1. Within the range 223-272, how many residues are closer than 22 Å to residue 44 by Cβ and either in contact with a helix residue (DSSP H, G or I) (Cβ under 8 Å, 6 or more places away or on another chain) or free of Cβ contacts under 8 Å to residues at least 24 places away in the same chain (or both)?
2. Residue under question is residue 111, and the condition is that it be within 16 Å of the ligand (Cβ to nearest atom) and out of contact with any helix residue (DSSP H, G or I) (no Cβ under 8 Å at 6 or more places or on another chain); does it hold?
3. Kindly evaluate residue 35 against the criterion of being free of Cβ contacts under 8 Å to residues at least 40 places away in the same chain, away from the ligand (no atom under 16 Å from the Cβ) and touching a strand residue (DSSP E or B) at 6+ places or on another chain (Cβ under 9 Å).
4. Quick one: in the range 146-170, which of the residues that are outside any helix (DSSP H, G or I) and in contact with a helix residue (DSSP H, G or I) (Cβ under 6 Å, 6 or more places away or on another chain) is farthest from residue 117 (Cα to Cα)?
5. Is it the case that the range 256-263 has a residue that's closer than 30 Å to residue 144 by Cα, surrounded by fewer than 16 Cβ atoms within 10 Å (Cβ to Cβ) and within 16 Å of the ligand (Cβ to nearest atom)?
6. Give the residue, chosen from 143, 130, 173, that is over 16 Å from residue 255 (Cα atoms), part of a loop (DSSP other than H, G, I, E, B) and within 13 Å of the ligand (Cβ to nearest atom).
7. Scan the range 264-309 for residues that are over 28 Å from residue 163 (Cα atoms), surrounded by 15 or more Cβ atoms within 10 Å (Cβ to Cβ) and over 14 Å from the mean Cα position of the chain (by Cα) and report the count.
8. Output the residues belonging to the range 226-269 that are in a loop (DSSP other than H, G, I, E, B) and either out of contact with any strand residue (DSSP E or B) (no Cβ under 6 Å at 6 or more places or on another chain) or closer than 24 Å to residue 139 by Cα (or both).
Ligand SMILES: [Fe+2]
């Protein structure tokens, strides 16, 4: 096969599992050039199997090329919320560094906002249609000797399977309340949510059990600890107690993979089945900069009592 052909055909791509719970590393692929359809289909299958793909050494990946690669997976999610965007409302600047390159103090609200993401979450759970996948490029990552700064992921398919039958029955009809403003309850020093944000992302409820039509109706847990801690249909105390139990289920090491970033890793993960959280690090000492693009979800997801739940389950 000619190596001069465009789009490039990648013959030497290697995809290898990195952890029993989830994740694979992709080596030998330069995402700054367009991918042929066969390679892209390999990636699609790999994401479905491993839920997370780490593409090493994407130093040449421009913002435009990252957007182009993201668009292969679906429409980009747009972020109307304040203080996230850098050059476009589809580019999420995940950093303790301003868009101008200034290292922000740990008390700057843009740094504090990163702490909200240190809690288990799946991106955009506070939207009526949460995101499908996120892609994050490590532009400035912590040096090897630094503590923390990793991103930890947990597999909610496995976490659901391992619940007791009693717990599965308990959560079957329940929903969690997700709301963007919850971060302000955790960190009251953050500036208040603007009227625009309040209007754009009102509170929403999602089933605690998510059904996956593309997996023969398999189920996963779906909840977060950064966008709420209340369960609809329970008292506040009961709901928060259940929520704490689910959080400890998500933290069980056998479901988790801790990603230690190398410079210019592009990590892509499936928000439908994974939770993630950023591990704490010394924000005053280290700069940490990521460029994130996000693939929007297409439809509200299916829970046990959704009208389409039966057909989703019977497909398998
Ligand atoms: Fe996130």
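No lab work stands behind these numbers, since they all come straight from the coordinates. It should be emphasised that the depicted structure is a prediction, and the values quoted were computed from it without experimental measurement. Quick reminder, even Gly has a Cβ in these numbers, built from the backbone with ideal geometry, and neighbours come from all protein chains shown.
1. Summing the residues that are closer than 22 Å to residue 44 by Cβ and either in contact with a helix residue (DSSP H, G or I) (Cβ under 8 Å, 6 or more places away or on another chain) or free of Cβ contacts under 8 Å to residues at least 24 places away in the same chain (or both) in the range 223-272 gives 3.
2. On the way: within 16 Å of the ligand (Cβ to nearest atom): yes; out of contact with any helix residue (DSSP H, G or I) (no Cβ under 8 Å at 6 or more places or on another chain): yes.
The answer is yes for residue 111.
3. Details: free of Cβ contacts under 8 Å to residues at least 40 places away in the same chain: yes; away from the ligand (no atom under 16 Å from the Cβ): yes; touching a strand residue (DSSP E or B) at 6+ places or on another chain (Cβ under 9 Å): yes.
Spelling it out, residue 35 is indeed free of Cβ contacts under 8 Å to residues at least 40 places away in the same chain, away from the ligand (no atom under 16 Å from the Cβ) and touching a strand residue (DSSP E or B) at 6+ places or on another chain (Cβ under 9 Å).
4. So in the range 146-170, the residues outside any helix (DSSP H, G or I) come out as 146-155, 162-164.
Subset that is in contact with a helix residue (DSSP H, G or I) (Cβ under 6 Å, 6 or more places away or on another chain): 154-155.
Numbers: 154: 14, 155: 17 Å.
My answer is 155.
5. Checking the range 256-263: at least one residue is closer than 30 Å to residue 144 by Cα, surrounded by fewer than 16 Cβ atoms within 10 Å (Cβ to Cβ) and within 16 Å of the ligand (Cβ to nearest atom).
6. 130
7. Qualifying residue count for the region: 8.
8. Answer for the range 226-269, where residues must be in a loop (DSSP other than H, G, I, E, B) and either out of contact with any strand residue (DSSP E or B) (no Cβ under 6 Å at 6 or more places or on another chain) or closer than 24 Å to residue 139 by Cα (or both): 229, 233, 234, 235, 251, 252, 260, 261, 262, 263, 264, 265.
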